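S.K.: Please read through the structure below; I'll follow up with questions.
The values are calculated or read from the model by the stated rules, or taken from the named source; none is laboratory data. All figures in this text were calculated on a predicted structure; none of them were measured in a lab. Note: ideal-geometry Cβ built from the backbone for every residue, glycine included; neighbour counts use all protein chains shown.
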């Protein structure tokens, strides 16, 4: 590794960054903090005997002292003893890390009236980043949820250890990947940190992808259109070394891999990602680059065969140009579309280019047996219920193949190509859609009778309950966890349009949907609309694309509420191979009766279900402090209007602290210690965000807090009918793991700060 040297004019200098943490107790601002006003970067200047080096990462020891003395501050217990500062383009990026206790308290930093960006690290810490023009003093405010007053402190940084000629060591840092503008869950495919190494004035970012298992292959990573160095590790993972000029930018990269899918063969994917290291401010792009990456995959699969070296070289250059377009930081929808046109044109030009000259061709016997047999097979195919357009395309392909068979000068490679093209035409015809029946004529009341027996108003949208099943087995699909339980259906011109909506989690992972080989329309709210559906009385098979690949899913609509021509409700027809859950899996909505026996599939109106409930922090996997306020179970009562009425109980402690609870802006009904909330019907585990006003927080000026109630509907116990007067239990059984010491200390600290704040407030009131 090349040496990157620190330049220190005067050794032993203590660099003090005065970080003031209390509202209303702000000393003179000694650090020019970047307010985001667009000012141009300034040239590096020496300050306090210290001259920074461009791109250097400084690790500095830090102590937390009280604002008005040199005594230790209690904030030292909640922040790391080191900080990082990077000088780049005339600014510093300064990072301060709250330890696990500080993070559990919910500590946040404010500078210039705005919250500082932060990253919650996998080790339980939280790192804040502030942009600064001078490395002299920083001013902050610290907030804790529900606590309007905080102690003040100074962060004192000791730079005396920085000396000339010290190598910058490699270090690990957190990172974030963005896919089409949204955060990607890196834990699924990558190591949780990158390694950063300084090299000759620039940096190497080492990104490690996890092994995909036997039979699957990690491909390459490109940056700025070029493949980066790749090292395959013993455990099957691969480490990619990405050379960059700084560590504060957003890097557009493309990551490839090949996986083997049962019954479908192998599939190669290219994912265009944006990489952000540490706490650098992301420059996120929402441009969809997947259309171009898909065409690159197709182009890379093309083999040279009998084509000339020149033609194949031109194709490879087109592929390289396409990678450069995908990786461009300033990519636009227009540039991506142009890239798609260029690469597809290059593939077509290659396929139609002349073959290599073969002097010995005339002496070789050309075998046309397979071609002639394929022509005979194609001619035997009848149109049946296929469209005229599809049948015409097949006949044209047959005619082309016959011309090839009649050509006495055609090489063997040409015969093989003609045979392959005819087979593709046969496959395309066999998989094409059937001809559509004429659209029904509307009746006088503007309704039409559909081919599958419904009597609907053309163009009207109908909201229907929907479930999502495995397209092969009929069991609940994995993708069902990412979808809302209501779909919208409309009928016009002889076919249906069906709109399904991903839930909040699904919008992060579901990237595309296709039906009948055509892409679904993705609407502004994230929902997908498929068109041309001939019937809704049976499962509608769609393909859903997620970062890990594509899965087939059956959309099963509950049509019992729709009017029919016969007057009788039409229920969905399950697939012929549906085993109705006979494998023993507890699909969403499957419940057990009081004796533990398997009950009827789905939640039934009139029944009461006992459901395990847990309370987590909003949009988090961590347990909420409010968990102790509620019992461990809830009662779920399905309603005829398609909703669930959920009742849960406050513990004795909760009854003493809770002022009110609300859901979607409406206060929850309360009877004694029982709260009741109405939620949409769900067929699998669901999350209900509850806003709560707590007595102590309101007294201290804090607002309402949100905690997520997780209802484990998959573990529901059917209590039967006649349980309308049953109440939810208020018992609270603490987790066997218990609260860790840090967590308990954090709660105690919050309580102490709150108590101190209350005392100060009372004293101020008395002085008045």
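S.K.: Out of the residues in region 86-101 that are under 30 Å from the mean Cα position of the chain (by Cα) and over 13 Å from residue 249 (Cα atoms), which is surrounded by the fewest Cβ atoms within 10 Å (Cβ to Cβ)?
M.R.: That would be 100.
S.K.: Kindly indicate whether any position in region 200-210 is over 24 Å from residue 127 (Cβ atoms) and either touching a helix residue (DSSP H, G or I) at 6+ places or on another chain (Cβ under 8 Å) or surrounded by fewer than 17 Cβ atoms within 10 Å (Cβ to Cβ) (or both).
M.R.: Among the residues of region 200-210, at least one is over 24 Å from residue 127 (Cβ atoms) and either touching a helix residue (DSSP H, G or I) at 6+ places or on another chain (Cβ under 8 Å) or surrounded by fewer than 17 Cβ atoms within 10 Å (Cβ to Cβ) (or both), which makes the answer yes.
S.K.: Please tell me if residue 316 is outside the structural domain of residue 276 (by TED's automatic domain parsing), more than 30 Å from residue 283 (Cβ to Cβ) and either out of contact with any strand residue (DSSP E or B) (no Cβ under 6 Å at 6 or more places or on another chain) or surrounded by 18 or more Cβ atoms within 10 Å (Cβ to Cβ) (or both).
M.R.: Judged against the criteria, residue 316 is not a match.
S.K.: Out of the strands (runs of 3 or more DSSP E) lying entirely within region 226-269, which hold 3 or more residues that are surrounded by 14 or more Cβ atoms within 10 Å (Cβ to Cβ) and in contact with a helix residue (DSSP H, G or I) (Cβ under 9 Å, 6 or more places away or on another chain)?
M.R.: Where strands (runs of 3 or more DSSP E) fall fully within region 226-269 and carry at least 3 residues being surrounded by 14 or more Cβ atoms within 10 Å (Cβ to Cβ) and in contact with a helix residue (DSSP H, G or I) (Cβ under 9 Å, 6 or more places away or on another chain), they are 250-261.
S.K.: Here's a follow-up. For residue 495, state whether it is farther than 29 Å from residue 255 by Cβ and modelled with pLDDT of 90 or more.
M.R.: yes
S.K.: A further question follows. Of the residues 327, 309, which single one is out of contact with any strand residue (DSSP E or B) (no Cβ under 8 Å at 6 or more places or on another chain), under 27 Å from residue 226 (Cβ atoms) and outside the structural domain of residue 397 (by TED's automatic domain parsing)? Break it down into steps so the answer makes sense when it comes.
M.R.: Working: 327 fails: out of contact with any strand residue (DSSP E or B) (no Cβ under 8 Å at 6 or more places or on another chain).
Step by step, each of 327, 309 is checked, and only 309 is out of contact with any strand residue (DSSP E or B) (no Cβ under 8 Å at 6 or more places or on another chain), under 27 Å from residue 226 (Cβ atoms) and outside the structural domain of residue 397 (by TED's automatic domain parsing).
Table: residues versus (1) assigned to a strand (DSSP E or B); (2) in the same structural domain as residue 244 (by TED's automatic domain parsing); (3) in contact with a strand residue (DSSP E or B) (Cβ under 8 Å, 6 or more places away or on another chain).
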| position | (1), (2), (3) |
| --- | --- |
| 70 | no, no, no |
| 76 | no, no, yes |
| 84 | yes, no, yes |
| 94 | yes, no, yes |
| 97 | yes, no, yes |
| 109 | yes, no, yes |
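S.K.: Here is a further query. Determine, yes or no, whether residue 512 is surrounded by 14 or more Cβ atoms within 10 Å (Cβ to Cβ), in contact with a helix residue (DSSP H, G or I) (Cβ under 9 Å, 6 or more places away or on another chain), at pLDDT 85 or above and under 30 Å from residue 427 (Cα atoms). Write out each step before concluding.
M.R.: Values: surrounded by 14 or more Cβ atoms within 10 Å (Cβ to Cβ): yes; in contact with a helix residue (DSSP H, G or I) (Cβ under 9 Å, 6 or more places away or on another chain): yes; at pLDDT 85 or above: yes; under 30 Å from residue 427 (Cα atoms): yes.
For residue 512, the condition - surrounded by 14 or more Cβ atoms within 10 Å (Cβ to Cβ), in contact with a helix residue (DSSP H, G or I) (Cβ under 9 Å, 6 or more places away or on another chain), at pLDDT 85 or above and under 30 Å from residue 427 (Cα atoms) - is met.
S.K.: Find the strands (runs of 3 or more DSSP E) located wholly in region 595-697 whose residues include 3 or more that are in contact (Cβ under 8 Å) with a residue 24 or more places away in the chain and in contact with a helix residue (DSSP H, G or I) (Cβ under 7 Å, 6 or more places away or on another chain), and list them. Show your work before the answer.
M.R.: Working: elements: 609-617, 630-638, 643-650, 658-663, 669-671, 674-680, 686-694.
In region 595-697, 609-617, 686-694 are the strands (runs of 3 or more DSSP E) which contain 3 or more residues that are in contact (Cβ under 8 Å) with a residue 24 or more places away in the chain and in contact with a helix residue (DSSP H, G or I) (Cβ under 7 Å, 6 or more places away or on another chain).
S.K.: Restricting attention to region 363-409, and to residues there that are touching a helix residue (DSSP H, G or I) at 6+ places or on another chain (Cβ under 8 Å) and part of a loop (DSSP other than H, G, I, E, B), which single residue is farthest from residue 421 (Cα to Cα)?
M.R.: 364
S.K.: Check every one of the strands (runs of 3 or more DSSP E) wholly within region 449-522 and list those with 2 or more residues that are over 30 Å from residue 689 (Cβ atoms) and over 18 Å from the mean Cα position of the chain (by Cα).
M.R.: Fully inside region 449-522 and qualifying: 455-457, 486-492, 495-500, 512-515.
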